[in-house]
């Protein structure tokens, strides 16, 4: 390759700074485009959600899949999160004889933060990935087009039940996480470490307010809506065969997981 | 054949495409398409891969909006229509997809009865079963209702796809590459099926294809699409002797150089 003698007619090669700026610009442009796409889809979903025919059967199938189907893994995550948190905070509080604070610490962390974040992450992994792959496969095998040619709106038939299921079921799963997480904490603090049950419960009641639980539920609803919307958006717009569906699912998983943590901060700030 | 074409030529057009332009970004796919499909006739749109056949078909059923031009279906220009009006128009159509596009989460009965459940809610379960069985018989299938698409061969899937497309007795049936990827015997069967659907149900059909033999068998009219334009169209016997170089080259692959 004798590229040393460049023709004066060729444009100069872009320098590293130019390439870097171009990269950032493309990234920002794609990000804004995706946010716009998500918002447009959200508006579309809301518009079709309030129009008959109401597809109750499809909605219940998705509530079952997203919610009931996730109870076990969300519950298990809850129990062990509570146990781990109680174990670690016991070690810390033990240093200055404040073990009675284990109960409030565990319950506040779980209700406000751990339950919505972990429940949403579990739903993303289990239901979000399946949603995205299923919709993506339907898109690339023209099943979505087929629905449309049969005068059935695919947004209403496929996306509305899935997005509503995320919105409704993640807060429900947060409640289960709350109960089982606190039970896990109770088990470690009271049964394993020997704290008195009365102290654990009384201290928890003293510190834990209904607002803390509500904060977790609101976060759960926001995350549930978000992860279902991202999975639907990526799957619905997939293209390029099996490889394209795989790519869409990876992107959906990454965007969901990152989005949960980013939204967690902003929802927290707005609620206080 | 000639009688068929004359009868068709006198019928009013079921689909009319006027001055249709469509680009995707900088890529011009269709550059001024004019077409007419007389009611009750079969039009085959012939062309090589990437000539814009599928894009043209998607405009006819309103899956794509043109940049310019009109698409008139059964007397109505569907281009300005919103989703609700398009749904009404689409009930006049049945579409058979290249890979059948059956819902793989549903069995054959559920697939074929899907349009009935959506648009003929007054039917009882027994009436639906009877209708599904009748349409499956038209495409030459029986005792497959409980099977899933994954358990069927390519040709059978295509036939189930046609049964689903005709279950609501549409006025128009669109076929997207119906014989692609099929063996010669199944191809012949699918051609017969297209002719049967036309004879028995009186439907207007549009077939997009690059299969010359099958096109000449089923068509009342053939339109040849090349580089975004219909370069020649008419009765198969006319197209067979077309002077247009693109048509000549394409047909010579089947009929030989002379």
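Here are the numbers for this structure:
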quantity: Helix A:197-207 axis, angle to chain A major axis (alpha carbon atoms, nearest 10°); calculated: 50 degrees
quantity: Region A:203-272: relative contact order as a whole-number percent, Cα under 8 Å and 6+ apart; calculated: 36 percent
quantity: GNM top mover of A:113, A:33, A:251 - chain A, alpha-carbon springs below 10 Å; calculated: A:33
quantity: 21 Å tail of the calculated P(r), region A:79-225, as % of Cα pairs; calculated: 53 percent
quantity: Interatomic Cα distance distribution for region B:141-236, bins of 5 angstrom, percent; calculated: 2, 11, 23, 22, 19, 13, 5, 2, 1, 0
quantity: Percent of alpha-carbon pairs separated by more than 12 Å within region B:63-102; calculated: 65 percent
quantity: Shielding by partners, peptide A:139-146 (average Cβ within 10 angstrom, other chains); calculated: 6
quantity: With Cα atoms, 0 to 90° folded angle of helix A:129-140 axis to chain A main axis; calculated: 20 degrees
quantity: Per-residue mean of C-beta atoms belonging to partner chains within 10 Å, peptide A:148-158; calculated: 6
quantity: Between 0 and 90°, nearest 10: helix A:210-236 axis offset from chain A longest Cα axis; calculated: 20 degrees
quantity: 5 Å-binned pair-distance histogram of region B:23-95 (Cα, whole percent); calculated: 3, 13, 26, 26, 19, 10, 2, 0
quantity: Calculated [θ] (222 nm, deg cm²/dmol) that DSSP helices of n ≥ 4 give over chain B, each run adding -39,500 (n - 2.57); calculated: -12000 deg cm²/dmol
quantity: Cα centroid separation - region A:175-238 against region A:64-117, whole Å; calculated: 7 Å
quantity: Largest-first ellipsoid semi-axes for region B:47-179, taking √(5λ) over the Cα gyration tensor eigenvalues, angstrom; calculated: 28, 19, 11
quantity: Fewest-first ranking of A:138, A:83, using other Cβ atoms within 10 Å as the exposure measure; calculated: A:83, A:138
quantity: Computed over region B:103-168, Cα set: Rg, Dmax in Å; calculated: 10.8, 33
quantity: Gaussian network model of chain A, Cα within-10 Å springs - most flexible of A:119, A:92, A:20; calculated: A:20
quantity: Fluctuation leader among B:247, B:207, B:44 - chain B, Gaussian network, Cα springs under 10 angstrom; calculated: B:247
quantity: Pairwise centroid distance, computed over Cα atoms, of region B:62-106 with region B:213-258, Å; calculated: 27 Å
quantity: Enclosed volume per residue, in Å³, of the convex hull spanned by Cα atoms of chain B; calculated: 134 Å³
quantity: Inter-chain shielding of B:80-86 (mean C-beta neighbours from other protein chains, 10 Å cut-off); calculated: 2
quantity: Sequence of B:146, A:34, B:243 once ranked by neighbouring C-beta atoms within 10 Å, starting from the fewest; calculated: B:243, B:146, A:34
quantity: Which of B:241, A:87 has the fewest Cβ neighbours within 10 Å, and the rest in rising order; calculated: B:241, A:87
quantity: Length-normalised contact order of chain B in % [C-alpha pairs under 8 Å, at least 6 apart]; calculated: 26 percent
quantity: Kirkwood-Stokes translational diffusion coefficient of chain A, alpha-carbon pairs, 20 °C, 1.002 mPa s, µm²/s; calculated: 102 µm²/s
quantity: Per-q log10 I(q)/I(0), the protein assembly as shown, q = 0.09 Å⁻¹ (Debye; single scatterer per alpha-carbon; no solvent); calculated: -0.79
quantity: Length-normalised contact order of chain A in % [C-alpha pairs under 8 Å, at least 6 apart]; calculated: 30 percent
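Values in this text are rule-based calculations from the coordinates and carry no lab data. The structure displayed is predicted, hence computed values, not measured ones. Note: ideal-geometry Cβ built from the backbone for every residue, glycine included; neighbour counts use all protein chains shown.
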